[in-house]
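> If you scroll down you'll find the structure; I have some questions about it.
A short reminder: the numbers here are calculations on the coordinates, not readings from a lab. Predicted, not measured: the structure shown is a model, and the values here were computed from it. In this analysis, Cβ positions are derived from the backbone assuming ideal geometry, glycine residues included, and neighbour counts consider all displayed protein chains.
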Amino acid sequence: MGLLATMVASEFGAQPLLLDLLKGPVLAVQDFFLLLGRAVRNIFRAPHYNDDIALQMDYIGVGSLPIVIMTGFFSGAVMALQMSRALAQYGQISKTGMVVAITLVRELGPDLTALMVAGRNASGIASELGSMKVTEQIDAMRALGTDPIQKLVTPRLIATSVMLPILTVIADFVGIFAGWVICYFILHLDSRQYWESAWRALEWNDVAQGLVKPFLFAVIISMIGCFFGLRTEGGTQGVGRATTQAMVVASVLIFVVTYFVAQVFVYLTSGEIQ
Amino acid sequence: MTPPSGKPAILRFENVCVSFDGVPALTDLSLEAVEGESRVILGAAGSGKTVLLKTAMGLVRPDSGRVLVFGKDLTTLRERDLFEVRSRIGMLFQESALFDSLTIEENVAYPLLNQRSIRFPKQQVHQRVEEALDFVELGGTLEKWPSELSGGMRRRAAIARAVVTNPPLLLYDSPTAGLDPITAQTIIALIVKERDLNKTTTLLVTHRYQDGNLIANFRYNSKQGVLEPARNGDRGAARTIFMVLREGRLVFEGDQNRLEASSDQYVRKFVKPREK
């Protein structure tokens, strides 16, 4: 890093102060990927903390179920209400099921589920690990023969990677169901027509996109939570700061990754980047 | 490797320097603790006492110098290889550092179940945990959570966790900080008891000179189960060395008589002469 900074400074005549400012973020990114690498490597190395994985699956997966169902239901209902109005102008109200299904499975389902889980779990992980850090429990763990990354980070990475795609599928289904509730009971559309247009609208790449994204989001949520938690310094104030940072950074990264995944899928399906 | 006393060195620092973000925490620090020895480390807040203990445990890597524990150079070992060395060291952290998601029994059993180099039989874990908790007089707290215990009880439970594997080297980081005088005396009595019953090498960080005085001048009478003054300062083969740190530098190292005779103004701040 020092060599690179010197090279850049001499090449562009940049002020050393600017390079010093850049060092922090670059080192943080480097540390993040080192942590990710160790967490992934530990998946294949003993000891495996299966009890911790199950516990985290319960907390992250089952614990997030109510908010994911609520979010999925109301986003599906809103989509059906708004889209039916727009489609009615073109006499295509029968396509409401199709629009709701595509929007939910491709974008809203994965994104909203990830944002909800990020709000609940990235911050939860950061505060839990941050509290352990400032009370020396992380040091105690190392002193007592345990690798904190193996014991704390890897189980959260595995649990989130397994549970978030499942939660997304649930949110997608609940959202489409909510769309049907609106279409059938409020708009008085034909039930069979709704489900058929929704079902026919979905292609394999929609399903693939809807499942690849939750997996990437799971890595972001769990690792950002752990990263900020393990970097916590400065007592309870530091825990609060780490919690906020984890949630904000995870949420922003979810949108960034959404864009790039969409670009990749558009490229794969149309043959060129839009 | 073997010092002039003839006893093997358990812990050895050679010109160790540690810094955090360019700020020195330990500067050119050298020391050698031999088997059975007690070391009392005094110093102001931020003088590097806790960093010294964490460096001895391999939790902090020095910028330069060597740290030898049981003859192994910690600076050359990978994190995974450090676990074997750490399994022979017990450490009491400043705020106890009990895992608040585990019961007291699970906390004390943690090193027995997780230190792979120990290979403790699982069926004997419960019995060993009970023994360790009885040792610190917390026999009835197995099912309790750390948050249900008082500060002094948490400190005793943490001592039980530190000694449950019978490590030959014990590091205590401010064990009496924030405790009332009676509880503080109980904690030091436990440390003396552990040291004298198991002949452990002990490093104790403290702000209180009374703690060092008890360590240096009392011994545990196993027949009567009480602390008693060591006659003429005689604690058998064991000896107590005092160290004073100032801004990461070792400014004093010697026995209690030399410490009390020191004319250094900084050193004298930590000394309260004994009553004759």
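> Volume per residue, Å³, of the convex hull around the alpha-carbon atoms of chain A? Each step should come with its number before you reach the end.
Values: hull volume 50.2 nm³, N = 274.
Convex hull of Cα atoms, per residue: 183 Å³.
> Further question on the same structure: Once amide H atoms are placed 1.01 Å from N in the peptide plane, what residues at a sequence separation of 5 or more from B:K144, or on another chain, have their amide H within under 5 Å of its amide H?
For B:K144, the qualifying residues are B:I104, B:E105.
> While we're here: With labels modelled as points extended 7 Å from the Cα through the Cβ direction, what inter-label distance (nm, one decimal) is found for A:Q237 paired with A:F177?
It is 4.8 nm.
> Okay, moving on. Can you tell me the convex hull volume per residue for segment B:150-239, based on C-alpha atoms, in Å³ to the nearest whole number?
Working: hull volume 8.7 nm³, N = 90.
Once divided by residue count, the hull of segment B:150-239 is 97 Å³.
> Any idea what the relative contact order of chain B is, in percent, if you count C-alpha pairs under 8 Å spaced at least 6 apart?
On the way: 517 pairs, mean separation 63.2, N = 276.
Normalised by residue count, the contact order of chain B is 23 percent.
> While we're here: Please check: in the Gaussian network model of chain B (C-alpha springs, under 10 Å), which one of B:E35, B:E194, B:E79 has the largest mean-square fluctuation.
Maximum fluctuation in the GNM of chain B, among the listed residues, is at B:E79.
> Still on this model: Among the DSSP beta bridges whose two residues both lie in the protein assembly as shown, what percent are antiparallel, rounded to the nearest 5? Walk me through the numbers on the way to the answer.
On the way: 25 of 45 bridges.
Close to 55 percent.
> Another one. Just rank A:L55, A:L17, fewest to most, by other beta-carbon atoms within 10 angstrom.
Values: A:L55 15, A:L17 8.
Ascending Cβ contact count within 10 Å gives the list A:L17, A:L55.
> Please give the FRET efficiency for A:E203 paired with B:S150, using the beta carbon to beta carbon distance and R0 = 56 Å, rounded to the nearest 0.05. Can you show the working numbers first?
Working: r = 64 Å, r/R0 = 1.14.
That pair, A:E203 with B:S150, gives E of 0.30.
> Kindly provide the pair-distance distribution of chain B built from C-alpha pairs, with 10 Å bins from 0 and whole-percent values in order of increasing distance.
Per 10 Å bin, starting at 0, the Cα pair percentages come out as 7, 29, 37, 23, 5, 0.
> Now for a separate question. Could you size up the charge dipole of the protein assembly as shown around its Cα centre, putting +1 on the beta carbon of Lys and Arg and -1 on that of Asp and Glu, and report it in debye to the nearest 20?
Details: 55 positive and 53 negative charges, 218 e Å.
Result for the protein assembly as shown is approximately 1040 debye, rounded to the nearest 20.
> Taking segment A:170-215, how much of its Cα-Cα pair set, in percent, is spaced more than 16 angstrom apart?
Numbers: 461 of 1035 pairs.
Above the 16 Å cut-off, segment A:170-215 has 45 percent of its Cα pairs.
> To check my understanding: the extent here is largest minus smallest coordinate of the Cα atoms along each principal axis. What are those three numbers for segment A:121-216, in Å, largest first?
65, 28, 13
> Further, regarding this structure: What does the convex hull of the Cα atoms of segment A:56-187 come to per residue, in Å³, rounded to a whole number? Don't skip to the end; give the middle numbers.
Values: hull volume 11.7 nm³, N = 132.
Normalising the Cα hull of segment A:56-187 by residue number yields 89 Å³.
> Give, to the nearest whole percent, the P(r) tail of segment B:110-151 beyond 15 angstrom, counting all Cα pairs. Intermediate values should be presented prior to the final figure.
Details: 428 of 861 pairs.
Summing the P(r) tail past 15 Å for segment B:110-151 gives 50 percent.
> Continuing with the same structure: Show which lysines lie in cross-link reach of B:K272 when reach means a straight Cα distance below 23 angstrom and same-chain residues fewer than eight apart are skipped.
Correct list for B:K272: B:K49.
> Right, next: Once every Cα of segment A:144-197 carries one equal point scatterer and solvent is ignored, give the base-10 log of I(q)/I(0) from the Debye formula at q = 0.27 Å⁻¹, two decimals.
Results for segment A:144-197 at q = 0.27 Å⁻¹ read -0.96.
> OK, next. Which one, A:G225, A:G240, A:G130, has the greatest fluctuation when you compute a Gaussian network model over chain A with C-alpha springs under 10 angstrom?
A:G240
> If you restrict to DSSP beta bridges whose two residues both lie in chain B, what percentage is antiparallel, to the nearest 5?
Working: 25 of 45 bridges.
Counting only bridges with both partners in chain B, antiparallel ones make up about 55 percent.
> Across the residues of B:85-95, average count of Cβ atoms on other protein chains within 10 Å? Intermediate results must be reported in sequence, preceding the final value.
Numbers: counts 0, 4, 3, 0, 1, 2, 5, 1, 6, 2, 5.
For peptide B:85-95, the averaged partner shielding equals 3.
> Just checking the output field for A:132-138: average partner chain Cβ neighbours within 10 Å of each residue's Cβ? Each step should come with its number before you reach the end.
On the way: counts 4, 0, 1, 8, 11, 8, 2.
For peptide A:132-138, the averaged partner shielding equals 5.
> Here is a further query. Summing -39500 (n - 2.57) over the DSSP H runs of n ≥ 4 in chain B and dividing by its residue number, what mean residue ellipticity at 222 nm do you reach, to the nearest 500 deg cm²/dmol? Display every interim value, and only then the final one.
Values: 9 runs with 89 residues, N = 276.
Rounded to the nearest 500, the figure is -9500 deg cm²/dmol.
> Evaluate Rg over Rh across the protein assembly as shown, taking Cα atoms for both radii and Kirkwood's formula for Rh.
Working: Rg = 30.0 Å, Rh = 27.1 Å.
My calculation puts Rg/Rh at 1.11.
> Can you give the Kirkwood hydrodynamic radius for segment A:140-274, in Å, rounded to one decimal and based on Cα pairs?
Working: mean 1/r = 0.0555 Å⁻¹.
Mean inverse Cα-Cα distance, inverted, gives 18.0 Å.
> Quick one: 3J(HN,Hα) in Hz for segment A:236-252, Karplus 6.51/-1.76/1.60 with θ = phi - 60°, rounded, Gly and Pro as x.
5, 4, x, 5, x, 5, 4, 4, 5, 4, 4, 5, 5, 5, 4, 5, 5
> Label points 7 Å out from Cα along the Cβ direction at A:D20 and B:S263: separation in nm?
Once both label points are built, they end up 4.3 nm from each other.
> Using the Kirkwood radius over C-alpha pairs as Rh, can you work out the diffusion coefficient of segment B:26-82 via Stokes-Einstein at 20 °C, viscosity 1.002 mPa s, in µm² per second? Show your work: numbers first, answer last.
Working: Rh = 12.5 Å.
It diffuses with D of about 172 µm²/s by this estimate.
> Would you mind telling me the antiparallel percentage of the DSSP bridges in segment B:124-276, rounded to 5? Intermediate values should be presented prior to the final figure.
On the way: 9 of 15 bridges.
The antiparallel fraction comes to roughly 60 percent.
> OK, next. Cα to Cα, under 22 Å, and not fewer than 8 places away if on the same chain: which lysines meet these conditions relative to B:K193?
Straight-line reach from B:K193, under 22 Å: B:K7, B:K223.
> For segment B:33-67, list residues with backbone N below 14 Å from a point placed 7 Å from the Cα of B:C17 toward its Cβ?
It comes to B:62-66, nothing else.
> What residues qualify as long-range amide H neighbours of A:H48, i.e. H under 5 Å apart, gap of 5 or more or another chain, H built at 1.01 Å from N?
Amide H neighbours of A:H48, under 5 Å, 5+ apart: none.
> Arranged by the count of other C-beta atoms within 10 angstrom, fewest first, what order do A:S123, B:S117, A:S94 take? If you can, show how the numbers build up before the last one.
Numbers: A:S123 24, B:S117 12, A:S94 17.
Ranking A:S123, B:S117, A:S94 by Cβ neighbours within 10 Å, fewest first, gives B:S117, A:S94, A:S123.
> Looking at segment A:40-91, which trypsin sites (Lys or Arg not before Pro) are in a loop (DSSP not H, G, I, E or B) and have at most 13 other Cβ atoms within 10 Å? Write down the numbers at each step before the final one.
Values: sites: A:R41, A:R45, A:R85; in loops: A:R45.
Counting only loop positions with at most 13 other Cβ atoms within 10 Å, the trypsin sites (Lys or Arg not before Pro) in segment A:40-91 are A:R45.
> Could I ask something else about it? Using amide H atoms built 1.01 Å from N in the peptide plane, name the residues 5+ places from B:L92, or on other chains, whose amide H lies under 5 Å from its own.
Distant-sequence amide H within range of B:L92: B:L171, B:Y172, B:D173.
> Quick one: Karplus J couplings for segment A:221-230, per residue in order, coefficients 6.51, -1.76, 1.60, θ = phi - 60°, nearest Hz, x for Gly and Pro?
Calculated HN-Hα couplings, in order: 4, 5, 6, 5, x, 5, 4, 5, x, 6 Hz.
> To the nearest 0.05, what FRET efficiency results for B:A44 and A:V162 with a Förster distance of 56 Å applied to their C-beta separation? Can you show the working numbers first?
Details: r = 50 Å, r/R0 = 0.90.
Efficiency for this residue pair is about 0.65.
> Whole-Hz Karplus ³J(HN,Hα) for segment B:118-135, in order, using 6.51 cos²θ - 1.76 cosθ + 1.60 and θ = phi - 60°, x for Gly and Pro?
Karplus-based 3J(HN,Hα) across segment B:118-135 equals 7, 6, 7, x, 4, 5, 9, 4, 4, 5, 5, 5, 4, 4, 5, 6, 5, 4 Hz.
> Sort A:157-165, A:177-185 by packing, meaning the average of other beta carbons within 10 Å per residue, with the highest value first.
Numbers: A:157-165: 23.9, A:177-185: 19.8.
In decreasing order of mean packing, A:157-165, A:177-185 become A:157-165, A:177-185.
> Stretched out fully, how many nm does the piece from A:A88 to A:F33 gain, at 0.36 nm a residue minus the Cα gap? All intermediate terms of the calculation are to be shown ahead of the outcome.
Values: separation 55, 0.36 × 55 = 19.80 nm, distance 4.92 nm.
Taking 0.36 nm per residue and subtracting the Cα distance, the gain is 14.9 nm.
> Which one of A:Q56, A:Q245, A:Q92 has the biggest mean-square fluctuation once chain A is modelled by GNM with Cα springs under 10 Å?
The residue with the greatest mean-square fluctuation here is A:Q92.
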